[in-house]
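S.K.: Quick one: this structure, given as structure tokens, is what I'll be asking you about.
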Amino acid sequence: MSEVIKHEEMLISVISEMLNGMSHVAVGASSPIPGSAALLARANSLTDLRVSMLGSEEHNIFTNGGTELFDCAAQGRIDAFFLGGGQIDGGANINLVGIGDYPDTKVRFPGSFGSAYLYYLVPRVILFREEHTPRVLVPKVDFISAPGSSPENVNRPGGPYALVTERCVFKFDKKKARFRLESIHPGHSLEEIVEMTGFDFDKPSTISETKPPSSDTLKLIRGKIADEISETYPAFSSKLFGA
Amino acid sequence: MTKHFEKVETLVSNIPDSSKIALAPDYSGCPMEAIRKLIKRGVTSLHIIGVPSVGFQGDMLIGAGCVKTIETAAVTIGEHGLAPRFTSAIKNGTINIIDGTCPAIHAGLQAAQKGIPFMPVRGIIGSDLSKHRLDWIEASNPFSESEEPLILVKAITPDITLIHVPLADSNGNVWVGVRREMMVMAHASKKTLVTYEKLFDGNLLSEESMAPGTIPSLYIDGLALAENGAWPVGLFGNYPPDENHLEIYMDMAKTDEGFKEYINEYVFEPKAAE
């Protein structure tokens, strides 16, 4: 087995570590890397971690149709979820709708999905967007599909926990409503991250390097997880793992 | 009474132009054969509702000029990329978009299902979505001692739900299994039209294991057999998506001309599904 770690494998491992100790992780649309991370966390879990993956028949425990994910979240029965964004800003506001003056957007994205709900209700929402450039990580999003924080009178037990990109991990500071750089992936630098990030963020005096997956974890990702994720994301699995 | 139609063409002739029509996402029950027949007929000015999102069927209807308005939480074709005809229609301003979020669409249908005017929904407050939704109202939770804002979503009553399901019986009952969003859609809609994969030998309601996943014929207005009727999108528990064909679609639907060629080949002069 090649020990050259692909960046997707690195991201799967990083996200998976954020799911330690969770008991129910849900995965939404178009999320092959978060989906793989949830399956990896389940494979490593000492307890009984449940994964509910949208679009999967094998890795899905719901029996009440499309509403059950949302009902479950509103009751506090989902611990972690993933969201992305065509644009994400420094206040963790996410835009899944488009660029330009809505509704006359110049660039149209698929749409908000369940973000305007799950972002409020799931305690640990991990933002994931591979592309880390100033066009994605912007000072202010053009359209707020879901805000990063809310006034106190709004019922909001959930919200952003971290932002994972191809270059680094940010943690979200709820009190300040700002991101703090947590770790930098091997091969990347602070200067590069500052240059490629359109928003301002906090920089602790010492910033660690993101820990790559162990060889056991890599083996698990390339075997069991590659196989399990291929049911829902066949193109992703075959491209990455040749499965 | 539930009507059994010999042909999918005749079933979809019950969908007038300008209908408000509820459709399921690609992982649920997509009536692709019925969509092709609708396009062939030249249906126009549809208001389509993604419950809570739509995929290829929405993109095809939009590309063929059948859609005036789309109300959805997203238009997504998953791993294949951005929905090409939807993206182009928004850019050119040829369709109206009513952007929603999944639970609000489900809640609107649930309100209609219960025969009540609205449903309160958590979240949403502070999102730009609500600025553009005149059918969502911010109100205060009347049961809360402190001031707590909530969004009220108006009931959504589609004229027609159009779905494809694995099984139906000769009494007009249809089986959706755990894909129960289709049950809510049928309950909420004025009419439900169904294509089905196989005829169930017996009565779905008298089988204890099948009845909980069955929509009774009370809600079903018309049915037609359509084997492989969800192709090229898959059907849960039956067959996976035809990824090669979906790639062909993605390639051809990049441009308006390419999309026209696609529908000429697969809608107007259909080749048999492999």
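S.K.: I'd like the trypsin sites (Lys or Arg not before Pro) in region A:147-243 restricted to DSSP loop residues with at most 15 other Cβ atoms within 10 Å, sorted by number.
M.R.: A:Lys174, A:Lys175, A:Lys176
S.K.: Identify which of B:Cys66, B:Cys30, B:Cys102 has the largest mean-square fluctuation in a Gaussian network model of chain B, with springs joining Cα atoms closer than 10 Å.
M.R.: B:Cys102
S.K.: Percent relative contact order of region B:225-274, based on C-alpha pairs within less than 8 angstrom and at least six residues apart? Please list the in-between numbers first.
M.R.: Values: 27 pairs, mean separation 10.1, N = 50.
Averaging sequence separation for qualifying contacts and normalising by length gives 20 percent for region B:225-274.
S.K.: Rg/Rh for region B:13-127 to two decimals, with Rh computed the Kirkwood way over all alpha-carbon pairs.
M.R.: In region B:13-127, Rg relative to Rh is 0.97.
S.K.: With every protein chain in place, what's the accessible area of A:Val141 (1.4 Å probe, Å², nearest 10)?
M.R.: The value for A:Val141 is about 10 Å².
S.K.: Considering only DSSP beta bridges with both partners in chain B, what is the antiparallel share in %, to the nearest 5?
M.R.: 30 percent
S.K.: Quick one: net charge around B:Ser189, please, counting Lys, Arg +1 and Asp, Glu -1 for every other residue with C-beta under 11 Å from its C-beta.
M.R.: +1
S.K.: Quick check: from the Cα gyration tensor, does chain B come out rounded (a/c under 1.5), prolate or oblate?
M.R.: Because a/c hits 1.5 or more and a/b fails to exceed b/c, chain B counts as oblate.
S.K.: If you don't mind, another one. Kindly provide the helix-only [θ] at 222 nm of chain A, computed as the sum of -39,500 (n - 2.57) over DSSP H runs of four or more divided by all residues, to the nearest 500 deg cm²/dmol? Walk me through the numbers before you get to the answer.
M.R.: Details: 8 runs with 63 residues, N = 243.
Value at 222 nm, helices only: -7000 deg cm²/dmol.
S.K.: Still on this model: For chain A, what is the convex hull volume of its Cα atoms per residue in Å³?
M.R.: So the per-residue Cα hull volume is 134 Å³.
S.K.: What is the diffusion coefficient of the protein assembly as shown in µm²/s, taking the Kirkwood radius over Cα pairs and the Stokes-Einstein relation at 37 °C with a viscosity of 0.692 mPa s?
M.R.: Result for D is 139 µm²/s.
S.K.: Now for a different question. If you take the square roots of the eigenvalues of the alpha-carbon gyration tensor of region A:101-212 and sort them as a ≥ b ≥ c, do you get rounded (a/c under 1.5), prolate (a/b over b/c) or oblate? Could you put the intermediate results ahead of the total?
M.R.: Values: a/c = 1.98, a/b = 1.32, b/c = 1.49.
It comes out oblate by the Cα gyration axes.
S.K.: Ignore the peptide's own chain and count Cβ atoms of other chains within 10 Å of each Cβ in A:67-76; give me the average, rounded.
M.R.: 4
S.K.: Using the per-residue mean of other Cβ atoms lying within 10 Å as a proxy for protection, in what order, highest first, do the peptides B:182-192, A:84-94 fall?
M.R.: A:84-94, B:182-192
S.K.: Separate question: Counting only other chains, and only Cβ atoms inside 10 Å, what mean value do you get across the residues of A:148-155?
M.R.: Averaged over the peptide's residues, the number is 4.
S.K.: Using the basic label-point model (7 angstrom from Cα toward the beta carbon), what is the B:Ile137 to A:Thr206 distance in nanometres?
M.R.: Taking the simple label geometry, B:Ile137 and A:Thr206 are separated by 5.8 nm.
S.K.: Given an 8 Å cut-off on Cα distances and at least 6 residues of separation, report the relative contact order of region B:1-76 as a percent. Please report the intermediate quantities before stating the final value.
M.R.: Details: 116 pairs, mean separation 23.7, N = 76.
Worked out over region B:1-76, it gives 31 percent.
S.K.: Find out how many positive minus negative residues lie around B:Ala211, taking Lys and Arg as positive, Asp and Glu as negative, among other residues whose Cβ is under 14 Å from that of B:Ala211.
M.R.: Result for the neighbourhood of B:Ala211: -2.
S.K.: If you don't mind, another one. Tell me which GluC sites (Glu not before Pro) from region A:107-201 have a DSSP coil assignment and no more than 13 other beta carbons within 10 Å of their own.
M.R.: Sites meeting the loop and neighbour criteria: A:Glu131, A:Glu152.
S.K.: Same structure, new question: All other residues with a Cβ under 11 Å from the Cβ of B:Asn96 taken together, and with Lys, Arg as +1 and Asp, Glu as -1, what is their net charge?
M.R.: My count for the surroundings of B:Asn96 gives -1.
S.K.: What is the Cα radius of gyration of region B:127-274 over 2.2 N^0.38 Å, N being its residue count?
M.R.: Ratio of Rg to 2.2 N^0.38 Å for region B:127-274: 1.40.
S.K.: Then there's this: Rank A:Gly223, A:Gly98, A:Gly65 by mean-square fluctuation in a GNM of chain A with C-alpha springs under 10 angstrom and give only the top-ranked residue.
M.R.: Between A:Gly223, A:Gly98, A:Gly65, it is A:Gly65 that shows the largest mean-square fluctuation.
S.K.: I would also like to ask the following. What is the mean number of Cβ atoms from other protein chains located within 10 Å of the Cβ atom of each residue in peptide B:138-146, rounded to a whole number?
M.R.: Rounded to a whole number, the mean comes out at 1.
S.K.: Using a/c under 1.5 as the rounded threshold, could you call region B:166-218 rounded, prolate or oblate? The axes a ≥ b ≥ c are square roots of the C-alpha gyration tensor eigenvalues, and prolate needs a/b larger than b/c, oblate otherwise.
M.R.: prolate
The values are calculated or read from the model by the stated rules, or taken from the named source; none is laboratory data. Remember, it's a predicted structure, so these values are computed and weren't measured experimentally. Neighbour counts are summed over all protein chains in view; Cβ atoms, including those assigned to glycine, are modelled from backbone coordinates with ideal geometry. We work out accessible area using only protein heavy atoms, side chains counted, and drop any ligands, DNA or RNA first. Shrake-Rupley method; radii C 1.70, N 1.55, O 1.52, S 1.80 Å.
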